[in-house]
Amino acid sequence: MANMFEKLWDRFSSLLFPDLTRCISCGRELKEGYLCEECEKEFYLNDEHRCYWCSRPTVSIDDNLCEQCKQSGNNYELCIAPLLYKGTVHDLVHKFKYGDRRDLGTFFVDFMVKEYEKLPEPDFIIPVPIWSGKFKDRIYSTAHELGEILSKRVGVEYREDLVEKIRDTGTQTALKGEERQLNVKGSFRAVSTKEFKDKKILIIDDVYTTGATVNELAKVLKGKKASAVYVLTAAIATGKR
Ligand SMILES: [Zn+2]
Ligand SMILES: [Zn+2]
């Protein structure tokens, strides 16, 4: 009997305090903190010189805009991402997305909140919607998870009901910049026609890769007369779009 209680307690406490003394990335035991020394070494903040528009690290310190923003611009006013999508951050995002690691949402939001303070206060926060058919595979949406946690932290209304994804765009991983743009074109629909008018909206996603998705979504919101669209993601890809 005691044994059974012990087992139950173990399960219960592991739910309450998941891996409290382990590295959140590799699982190695830790005395304190979140990451072991090895994983910390490969954990990169996006705090060097970055593009004024999309926040991607720019190549030269003389450049205030990355090549992509110079060439094609964006449909949003400003995008900020606190982490670089490589090394440990890449692994963590992968675990958050496909593994059973919802607890990582709070970890990412801790970094996002600091960047949020640099943005004008939005009227509401929305996640990049995912095609509902995807829920069957992944069970939950990382953008939704981050958006919901962030909204509670900053006290701004969270609306996941205003935009929907109307078709499956598959995985964009193998597609290049222009192909991604074409792939997402027309894939979002604003459910409400009047809720966006003269509103400042903050879009939340896990990773900013080429920007094709958030640009398409921002275009839809601007089409519904949103006055400004901002984007906040946990991480941003470092390579070219
Ligand atoms: Zn580690
Ligand atoms: Zn840029």
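Observations on the model:
- Between helix 104-116 and the chain: long-axis angle, C-alpha atoms, 0 to 90°, nearest 10: 40
- Seen against the Cα atoms of the chain and their longest principal axis, helix 2-16 is set at about 20 degrees.
- Given their separation in residues at 0.36 nm each and the Cα-Cα distance between them, Glu32 and His94 gain 20.0 nm when the chain is fully extended.
- Under-5 Å amide H pairs with Phe124, H placed in peptide plane, nonlocal only: Lys200, Leu202
- Report note on the peptides 181-189, 119-127: ranked by the mean count of other C-beta atoms within 10 Å, highest first, their order is 119-127, 181-189.
- Of all lysines in the structure, those lying under 17 Å Cα to Cα from Lys114, and not within fewer than 8 positions of it along the same chain, are Lys152.
- Sparse-neighbourhood loop sites, trypsin sites (Lys or Arg not before Pro) in the range 89-161 - DSSP loop, at most 12 other Cβ within 10 angstrom: Lys118
- Radius of gyration, Dmax [the chain; alpha carbons; angstrom]: 19.0, 69
- Using C-alpha pairs under 8 Å with a sequence gap of at least 6, the mean separation divided by the residue count of the range 12-121 gives a relative contact order of 21 percent.
- Under the Karplus curve 6.51 cos²θ - 1.76 cosθ + 1.60, θ = phi - 60°, whole-Hz ³J(HN,Hα) for the range 91-96, x wherever Gly or Pro sits: 4, 5, 4, 4, 5, 5
- Mean Cβ count within 10 Å, highest first, over the residues of peptides 206-219, 37-50: 206-219, 37-50
- Amide H contacts under 5 Å for Lys224: none, restricted to partners 5 or more places along the chain or on a different chain, H placed in the peptide plane at 1.01 Å from N.
- The relative contact order of the chain, computed from alpha carbon pairs under 8 Å that lie at least 6 residues apart in sequence, is 22 percent.
- Fraction of C-alpha pairs exceeding 25 angstrom in the range 87-222: 26 percent, rounded to a whole number.
Any read-out appearing in this document is the output of simple, stated calculations on the displayed coordinates, not a laboratory observation. Owing to the predicted nature of the structure, the values given are computational and were not obtained by experimental measurement. Reconstructed Cβ throughout: ideal geometry from the backbone, glycine too, with neighbour counts over all protein chains shown.
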